[in-house]
1. Which ³J(HN,Hα) values in Hz, rounded to whole numbers, follow from the phi angles of the stretch 185-201 under the Karplus curve 6.51 cos²θ - 1.76 cosθ + 1.60, where θ = phi - 60° and Gly and Pro get x?
2. To one decimal place, what Kirkwood hydrodynamic radius in Å is obtained for the stretch 69-131 from all pairs of distinct Cα atoms?
3. Tell me what the chain gives for mean residue ellipticity at 222 nm when only DSSP H runs of n ≥ 4 count, each as -39,500 (n - 2.57), the sum divided by the residue total, rounded to 500 deg cm²/dmol.
4. Along the charge dipole of the chain, pointing to its positive end and built from +1/-1 on Cβ of Lys, Arg, Asp and Glu, which listed residue (Tyr351, Ile242, Pro99) has its Cα farthest out?
5. By how many nm would the segment from Gln466 to Lys129 grow when fully extended, if each residue of separation counts as 0.36 nm and the alpha-carbon distance is taken off?
6. Given a 1.4 angstrom probe, what's the average accessible area per residue across the chain, in square angstrom?
7. Over what distance in Å are the Cα centres of the stretch 62-106 and the stretch 396-415 separated?
8. Provide the per-residue ³J(HN,Hα) series for the stretch 449-458, in order, calculated from phi with Karplus coefficients 6.51, -1.76, 1.60 and θ = phi - 60°, each as a whole number of Hz, with x at glycine and proline positions.
Amino acid sequence: YLHLYLSRHLEKANYNSRSYISSGSFYVMEGKNDKWLDAYHDPVASIYTFTQCLTLSDIQADGDWKLIVADLGTGSYDMKLKVYKNTTLMSEHTIIDLPTGVVTFYMDTLEPRTPAIAVASGPYIYVYKNLRPYFKFTLPPLNIHPLEEDLWNQAKDDQVNVYSMREMLENLRQEGCSLTVRSLRLLQLEAGHVEGFVNLHKNTPLKKQTVITCLDTMKKSVADEDAISCLVLGTESKSIYILDPEAFTVLATMDLPSVPVFISVNGMFDVDYRIVVSCRNGCVYTLKRGSKDVSKHMIELNSQPVGMQRINKNIYVGCMDETLHCFTSKGKKLWTVRLPASITTIEIIDYRPRSFAAVLVALSNQEVHIYKEKFLVDIIKMDDVVTGLQFGRFGREDGTLVMTTKRGGLFVKILKRTAKFEEKALSAGPPVSQNQKLNVPKKTKLFVDQTQRERENAVIMHRTFQRDLAQLRLKVMREYVKALDNSMNPISSDPMEPLKLSAHVQGIGPTFKFTVKLQNTSLSQASTNLVITFDYDSKLYDFRKKMIQVPMLVPGLTYNFETFVDCLNDKGVTENVKVYVLKQGKSVPLITGVVSMPVSESIVVV
């Protein structure tokens, strides 16, 4: 552990240079990032894997935690289970099929407490104990469609034509029936190869096997770190299985509406548990002990998920539309962050010595963003796209971040003990104070009584509100129709005469200046044969021009028309004056304006 000692020594000495250890490929570099130490860098490690196939565990119970990698190889061959001690490949085992997940769990109470390794590959779970093959669990076979099984039995006895058999299998697939892998391969063949394929496989027993898509662990009855754990796995047949760690039997089975791709488990099987599953249909489901309704706490996403993690009661989901969402355990969305590039994988940081919990988000632009809640607190820049992340204890160091890249590289970084993550966004956004809870006062007796009354009379109150709202809408519509019929509108509703009217009064009395402004709002059509007249109380006012002839109105211009009004009453009585714009040959005004006349000053006699 010389490299870990030197990394801490360099950190305390605050060196800004690069120090190489004897191997040449392992070094500690400080100054590039003020929060992370570069502990190991091997861009040609030839490790091709994802986050679900990485884990850290003390598999030898010696306090030295190992890195366990399920390597995908080329995708067709060279799949292996690799165990690294520090930077040295300690063990290697060949895997027959592509791995989909790897976990470590305690399956017994023997001393020393050494965990087993479980690797999900195809329909099997390979269990390794003390770095040796220990057990292989096979998923229970699925029910075969009766017609498909009967067709292969007839083919075995040469009682059916192979081309008729292929046509009937095609009809079954079009009807939505789930077929076996053998039948699906038969349907993919060309006509000349069908007969040879059937003769080759007709004597082989027909089986319908599903494959494992995701894998996790659950404590059985005790919440201790070294307590016995159950295996929880999702399958391509839209099912969740919980396996007993000692007898490797199925303890519970749950069905889902879609194929699970990411799974997160919390709780204990014998007490209570929650299983959060994200599926290919873009939904996240929460499964509880004894619950059969999976849609009760369903979360619908805008696009398919590419990663899911959980911190306490919050669920973090990364989606294909370059967004990171946070939900409560009951499905309520808390926030959404839009990212600068597409997400490749996500992982959580749970650094208990500093009580620091955050989400690691690897992006396709060769960056790893760290989010504490919705705030971006750090960015790690890489030389390649990160495809696998794992944070935890590696060797004897607690805060270690292991990363694998698209080109097969392996990177190890160590979190500095002096690292500080400020809870503020590196990009523009709302302040931190916006998320602080308000000091809401306690509920008073009046509030409680009012709440109780609303609960008891909810239906009556809702009906009363709807009735009053309907009456208000009806009254507004009637007044609007009345205004249209009487042209009680400062803007004309006639498309042939688009006019706009405004009027104002100047003066303190007893003589006022009355100004009327007319504008033709048409784009190209002029207005002619218009007249302005007034409707008023002749006992209060006297208009010197009771009718004003309007010349041709050019579109876009505003015309002013003025007249003087004499107030005949000195007792402070006022009345509204209506202004009408009439057109020759029409009995209804084009526009009507209502002007509120001011109070006139008294006539002073000198």
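1. So the J values, rounded to whole Hz, are 5, 4, 5, 7, 7, 6, 4, x, 9, 5, 5, x, 5, 5, 5, 6, 10.
2. Evaluated on the stretch 69-131, it is 12.4 Å.
3. Numbers: 7 runs with 92 residues, N = 606.
Calculated at 222 nm, the ellipticity per residue is -5000 deg cm²/dmol.
4. Working it through, the farthest residue towards the positive pole turns out to be Tyr351.
5. Taking 0.36 nm per residue and subtracting the Cα distance, the gain is 114.4 nm.
6. Per-residue value: 55 Å².
7. The stretch 62-106 and the stretch 396-415 have Cα centres separated by 15 Å.
8. So the J values, rounded to whole Hz, are 5, 5, 5, 5, 5, 5, 5, 6, 10, 5.
The values are calculated or read from the model by the stated rules, or taken from the named source; none is laboratory data. These numbers were taken from a predicted model, which means no experiment stands behind them. Every residue, glycine as well, gets a Cβ built from its backbone with ideal geometry; the counts of neighbours run over all protein chains shown. We work out accessible area using only protein heavy atoms, side chains counted, and drop any ligands, DNA or RNA first. Shrake-Rupley method; radii C 1.70, N 1.55, O 1.52, S 1.80 Å.
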